[in-house]
Every structure is written in C-alpha cells, then in structure tokens.
Amino acid sequence: MNKQNILALALKPAMRVTKFHFGGAIIVMMLAVGLVAASAAPPSGGPTATQLVTGLQGAMGSTIGPDGALYVTEGAVGKISRVDPQTGEKTTFASGLPPAIIGIGGAIDVAFIDNIAYVLVTLVNDPLFPTSNVDGIYRVDGPDSFTVVADLGQFNLANPPTISFPYFIQTGLQYALQTYRGGFLVADSHLNRVLRVTLDGEISVLIPFDNIVPTGLEVRGNTVYMAEAGPDPHVPQDGKVVSFGPTSPTATEGASGTPFLLDVEFDGGGRLYALSHGTVDPNIDPSNAVAYTGALVKVNENGTSTVIMGGLDRPTSLEFIGNTAYFVTLTGEIWKIGGVSK
C-alpha cells in the first residue's frame with residue numbers, strides 16, 4: 001500500500017472496505033480539491049520555505065515542546081522524535097509505542113502538560129484487526145516507558161456515534177490531540193466528534209458532528225478552533241475552519257472554501273492559519289491529494305482565506321514558533337516557512 005492510499009484511508013467513511021478506504025469519515029489523509037477560488041493571491045516578496053528534516057517514518061502530528069523544540073510522531077516505527085527548529089538536528093525522544101499496522105496510525109499526535117509528554121495512538125486495535133494494543137492516550141514515563149491514561153478505543157466501542165453516517169472502524173480514527181483545561185481534546189476523524197479527556201482517564205463526547213471529518217485542533221482562551229477536511233471527495237466548499245466553546249451545541253463557521261484542511265494554528269501575533277493537505281483530481285483518485293497542491297492559508301475575519309504559500313507536498317501538521325511556520329509532510333519531511341506575517 002503506497003503512502004497516498006494510506007492517507008486516503010484514514011479520512012473516509014465506510015466504502016471500499018477491501019482497500020481500507022474508510023470513506024466519508026476520514027481514515028487516511030489525502031485530502032481535497034483545488035485551492036480556494038475565493039482566496040487572495042499570496043503576498044509578494046514574502047514567505048520563503050526551507051527544508052529542515054527528511055526521512056521521518058509515518059510522520060503525522062507535531063507540537064512545540066516546553067524546551068522550544070519540535071516534537072513529531074513517527075507512527076510507522078512507534079516513536080517520537082525531537083527536532084531542533086534551527087538546525088534540523090533530529091534525536092529520538094521516546095520509542096517503543098505500538099506501531100501502525102494498516103499503514104496509517106500508531107503514534108499520530110503528541111502534546112505536553114507540565115513538561116510531561118502525552119502521545120495519541122490510534123488504529124492499533126479494532127474488531128476488524130484485533131490486537132492486545134490500546135487505542136488511546138499514552139503518558140511518556142521514560143525513553144521507552146509509557147502508561148495508558150485513557151482507553152479511547154474501548155470508550156468508542158461502548159459509546160458509538162448517535163448521529164447517523166457511514167463508518168466501519170468501531171474504535172475510530174483519532175487524529176489530533178490538544179491540551180485543554182488541564183486535560184485534552186481529541187478529534188476523531190472517523191467517528192466525527194471531539195472527545196474531552198481528563199488526566200484521570202475520564203472520557204466524554206464534547207461535541208458530535210455529522211460526516212464532516214474533523215481534523216486539527218487549536219485553543220485560544222475558552223474557544224476551540226477546528227479544521228474540517230470534509231467527506232470524500234473533499235471538495236473545497238467542505239474544507240472549513242470552525243469554532244465552538246465548552247458547552248456549544250454546534251460549531252460556528254469561521255472560513256470555508258479551502259480543500260482538505262488538516263490543521264489550524266495561531267502564530268505569535270495571534271493570527272489564525274490553516275493547513276490544506278492538497279487538492280483532489282477525481283479522474284485520478286477521488287480520495288487522495290495530488291502532490292504539491294497543499295497550502296498554508298491565513299484565515300480572515302470576513303470568512304475568506306488568503307493563500308500564504310501554495311505548492312506544498314501533502315502537509316499533515318502545522319506549528320508556529322513566533323511568525324515562522326513549520327509543517328510536517330506525508331512523505332516524511334519537515335519544512336519551515338519564514339516571513340509568514342509579511
């Protein structure tokens with residue numbers, strides 16, 4: 001199975017079971033369709049991209065650690081890597097996590113609370129592919145030592161979605177991990193909901209959705225910002241940035257029109273950005289993004305988006321250090337974009 005098919009798996013609902021294309025409710029990530037017609041052209045003479053790292057294996061999620069370094073998941077080999085954001089020097093922070101077993105999954109995102117790292121592990125156990133591993137949140141106790149603090153797979157088995165849409169991975173596909181009020185938020189891109197998880201392992205559904213494929217998360221104050229890839233075939237109008245509060249029954253749309261959104265982040269100046277995995281050519285593959293069609297876009301207050309830099313090769317995760325953007329790609333690279341605020 002090639003990397004493109006792997007990504008597309010993770011974001012879909014329940015069609016094409018034999019190929020693990022998990023249809024409308026994301027299980028891969030080869031997102032979406034043509035970059036926003038409504039978006040403005042990139043500002044002239046502004047941002048420049050520089051390759052920082054290559055050779056990551058199954059890289060998907062990332063975070064900025066308490067030491068200011070980048071921490072990136074490598075789900076294919078069950079580890080977390082630490083990357084110096086200036087030099088690109090890569091070292092192993094933790095290893096020995098359950099690796100991906102169907103192409104996508106394993107360690108998929110990472111976050112820190114009080115200098116302690118927590119890792120989101122997904123698609124390592126399900127009735128379709130039973131194992132002794134746990135889909136959930138793992139606390140990093142040492143370089144090769146972990147404690148499961150929340151069994152998300154078991155929660156999902158016991159609490160299936162109450163909104164009707166096609167899905168077949170009963171344990172879900174947890175894509176993003178975000179710290180929130182001393183605990184976590186988890187976006188499930190297959191079961192279409194955001195879970196709230198405490199450090200004691202208590203799990204609840206914060207907000208459920210229809211088949212919109214929630215992906216990246218960001219928090220500012222009491223407001224949660226979320227990217228939506230939209231169901232297969234990830235057309236531009238379904239790519240959205242929305243927001244909601246801790247008791248919101250529904251989400252408020254902030255911007256739309258950019259395809260296959262996988263992440264959303266604020267920069268150091270409080271400006272909101274989103275990351276497009278790319279566009280889809282239905283004549284080639286309706287569920288996978290075409291190489292070098294991804295983009296970093298700025299979310300404007302009037303509900304439109306401005307393309308800051310296009311031509312990115314299937315990015316999956318976005319971080320900011322000040323006004324410098326860092327993005328991870330499906331092909332195992334990390335790039336940085338300087339001068340974003342210009």
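Determine, yes or no, whether Thr316 is free of Cβ contacts under 8 Å to residues at least 24 places away in the same chain and either assigned to a loop (DSSP other than H, G, I, E, B) or crowded, with 24+ Cβ neighbours inside 10 Å (or both). Give the steps one after another, and end with the answer.
Numbers: free of Cβ contacts under 8 Å to residues at least 24 places away in the same chain: no; either assigned to a loop (DSSP other than H, G, I, E, B) or crowded, with 24+ Cβ neighbours inside 10 Å (or both): yes.
Against the criterion (free of Cβ contacts under 8 Å to residues at least 24 places away in the same chain and either assigned to a loop (DSSP other than H, G, I, E, B) or crowded, with 24+ Cβ neighbours inside 10 Å (or both)), Thr316 does not qualify.
Quickly run through the range 106-160 and pick out the residues that are among the hydrophobic types (A, V, I, L, M, F, W, C) and outside any strand (DSSP E or B).
Going residue by residue through the range 106-160, those that are among the hydrophobic types (A, V, I, L, M, F, W, C) are 107-108, 110-113, 116-117, 119-121, 123-124, 128-129, 134, 137, 140, 146, 148-150, 152, 155, 157-158.
Leu123, Val124, Leu128, Val134, Leu152, Phe155, Leu157, Ala158, listed by residue number.
To keep it simple, each residue is scored yes or no on (1) aliphatic (A, V, I, L, M); (2) assigned to a loop (DSSP other than H, G, I, E, B); (3) under 18 Å from Val241 (Cα atoms).
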{"residue": "Tyr167", "(1), (2), (3)": "no, yes, no"}
{"residue": "Thr171", "(1), (2), (3)": "no, yes, no"}
{"residue": "Tyr175", "(1), (2), (3)": "no, no, yes"}
{"residue": "Phe184", "(1), (2), (3)": "no, no, no"}
{"residue": "Arg196", "(1), (2), (3)": "no, no, no"}
{"residue": "Gly201", "(1), (2), (3)": "no, yes, no"}
{"residue": "Asn211", "(1), (2), (3)": "no, yes, yes"}
{"residue": "Val219", "(1), (2), (3)": "yes, no, yes"}
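Identify, please: which residue in the range 210-249 is open to solvent by 20 Å² or more (accessible area, probe 1.4 Å) and of a type in the set (A, V, I, L, M, F, W, C) and is, among those, farthest from Tyr118 (Cα to Cα)?
Ranking the candidates gives Val235 first.
Could we say that Ser145 is in contact (Cβ under 8 Å) with a residue 40 or more places away in the chain, open to solvent by less than 60 Å² (accessible area, probe 1.4 Å), of a type in the set (Ser, Thr, Tyr) and out of contact with any Gly (no Cβ under 7 Å at 6 or more places or on another chain) here?
Answer is yes for this residue.
State the number of residues belonging to the range 69-114 that are farther than 21 Å from Phe327 by Cβ and touching a Gly at 6+ places or on another chain (Cβ under 8 Å).
8
For Ile169, are the conditions met, namely being more than 16 Å from the chain's Cα centre (by Cα) and aliphatic (A, V, I, L, M)?
Values: more than 16 Å from the chain's Cα centre (by Cα): yes; aliphatic (A, V, I, L, M): yes.
So Ile169 passes the test.
Kindly check whether there is at least one residue in the range 49-65 that is out of contact with any helix residue (DSSP H, G or I) (no Cβ under 9 Å at 6 or more places or on another chain), surrounded by fewer than 20 Cβ atoms within 10 Å (Cβ to Cβ), without any contact (Cβ under 8 Å) to a residue 60 or more places away in the chain and of a type in the set (Gly, Ala, Ser).
Yes, the range 49-65 contains a residue that is out of contact with any helix residue (DSSP H, G or I) (no Cβ under 9 Å at 6 or more places or on another chain), surrounded by fewer than 20 Cβ atoms within 10 Å (Cβ to Cβ), without any contact (Cβ under 8 Å) to a residue 60 or more places away in the chain and of a type in the set (Gly, Ala, Ser).
Going through the range 81-105 one residue at a time, which ones are assigned to a strand (DSSP E or B) and in contact (Cβ under 8 Å) with a residue 24 or more places away in the chain? So that I can check it myself, show each step before the final result.
Taking the range 81-105 first, the residues assigned to a strand (DSSP E or B) are 81-83, 90-95.
Once the filter is applied, which keeps residues that are assigned to a strand (DSSP E or B) and in contact (Cβ under 8 Å) with a residue 24 or more places away in the chain, the range 81-105 yields Ser81, Val83, Lys90, Thr92, Phe93, Ala94, Ser95.
The values are calculated or read from the model by the stated rules, or taken from the named source; none is laboratory data. None of these values were measured; they are calculated from a predicted model. Positions of Cβ are generated from backbone atoms using ideal geometry, with glycine treated the same way; all protein chains shown enter the neighbour counts. Ligands, DNA and RNA are stripped out before the accessible areas are found, and what is left, the full protein with its side chains, is counted by its heavy atoms. Shrake-Rupley method; radii C 1.70, N 1.55, O 1.52, S 1.80 Å.
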